[in-house]
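Enquirer: Dropping a structure here in structure tokens format, bear with me for questions.
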Amino acid sequence: MPDSAVTLRHVFEVPEPSGGEESPETWKRFREKLTEEIKGVKVASMPDMAGKIGELLDIPIPGIFLNSWRKADALQKLLEESKRNPEAIMDLELADHTINSEHRPSIELRVHNATVKKIEFTLRLVFSLKGCVLRVQHGVIKEMRAGMCDVKGQMEYGGLTILEKKVAPLHFPGVISFHREAE
């Protein structure tokens, strides 16, 4: 896991239900759709959905990158080489590339420890990276030297777009360090 990771919460500014960057109409339609779906279910109160969605977005972006990069043959070869030569510090300059990522976070509404409704979202992200360098040692990615990154994405529930981010630059600290757990 990265030290001070930039998360998806940084990408999507989750609005308060009473307003914010997203249209209050979007939240109103979302709440109406959800209320209709749980009609007849005895739920004490509907949770603060904007807050709960914000919690779902506490996903570190460098972790998404790591999962994608692990599939790259060039990186796999460098990781193997660094295992054979553990004292060497090796850098891999990444070609400009795009990472497409899809996630399905959910919120469960529970009554007496029983799930009465699972609210499933679809989160689609596109990251365009330029000028990133990975530092490898002992067979693991130790750090990423950030270049430029543009991101766009959207979060949907039942075909309704809840959050959307048009193409925007994403700012990382100059170097992102990874702990051993990131292996």
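The values are calculated or read from the model by the stated rules, or taken from the named source; none is laboratory data. Keep in mind the model is a prediction, meaning the values are calculated, not measured. Positions of Cβ are backbone-derived with ideal geometry, glycine not excepted, and every protein chain shown enters the neighbour counts. What goes into the accessible areas is simple: the full protein's heavy atoms, side chains included, and nothing from ligands, DNA or RNA. Shrake-Rupley method; radii C 1.70, N 1.55, O 1.52, S 1.80 Å.
Enquirer: Would you mind telling me which numbered condition in (1) hydroxyl-bearing (Ser, Thr, Tyr); (2) in a strand (DSSP E or B); (3) open to solvent by less than 20 Å² (accessible area, probe 1.4 Å) SER82 fails?
Expert: For SER82, the failing item is (2).
Enquirer: Let me ask something else. Identify all residues within region 85-100 that are over 27 Å from ARG9 (Cβ atoms) and either within 22 Å of the chain's Cα centre (by Cα) or open to solvent by 90 Å² or more (accessible area, probe 1.4 Å) (or both); write none if there are none.
Expert: GLU87, ILE89, GLU93, ALA95
Enquirer: Can you list residue pairs whose Cβ atoms sit under 9 Å apart, with the first residue in region 87-101 being closer than 11 Å to ALA74 by Cβ and touching a residue at least 40 places away in the same chain (Cβ under 8 Å) and the second being among the acidic types (Asp, Glu) and surrounded by 11 or more Cβ atoms within 10 Å (Cβ to Cβ)? Count only pairs 6 or more apart in sequence or on different chains.
Expert: Between residues of region 87-101 that are closer than 11 Å to ALA74 by Cβ and touching a residue at least 40 places away in the same chain (Cβ under 8 Å) and residues that are among the acidic types (Asp, Glu) and surrounded by 11 or more Cβ atoms within 10 Å (Cβ to Cβ), there is no close pair.
Enquirer: Which residues, counting only those in region 102-121, are touching a residue at least 12 places away in the same chain (Cβ under 8 Å) and either crowded, with 16+ Cβ neighbours inside 10 Å or over 30 Å from VAL151 (Cα atoms) (or both)?
Expert: HIS103, PRO105, ILE107, LEU109, VAL111, VAL116, LYS117, ILE119, PHE121
Enquirer: Another one. Checking ASP58 against (1) open to solvent by less than 40 Å² (accessible area, probe 1.4 Å); (2) outside any strand (DSSP E or B); (3) under 15 Å from MET155 (Cβ atoms), which test does it fail?
Expert: (1)
Enquirer: Further, regarding this structure: Return only the number of the condition from (1) buried (at least 18 other Cβ atoms within 10 Å of the Cβ); (2) among the small types (Gly, Ala, Ser); (3) at pLDDT 90 or above that ALA146 does not satisfy.
Expert: Here ALA146 clears every test but (3).
Enquirer: While we're on this one: So HIS10 clears everything in (1) surrounded by 12 or more Cβ atoms within 10 Å (Cβ to Cβ); (2) at pLDDT 85 or above; (3) within 24 Å of PHE172 (Cα to Cα) except one condition, right? Which one?
Expert: (2)
Enquirer: Kindly indicate whether any position in region 113-129 is on the phi > 0 side of the Ramachandran plot and of a type outside the set (S, T, N, Q).
Expert: no
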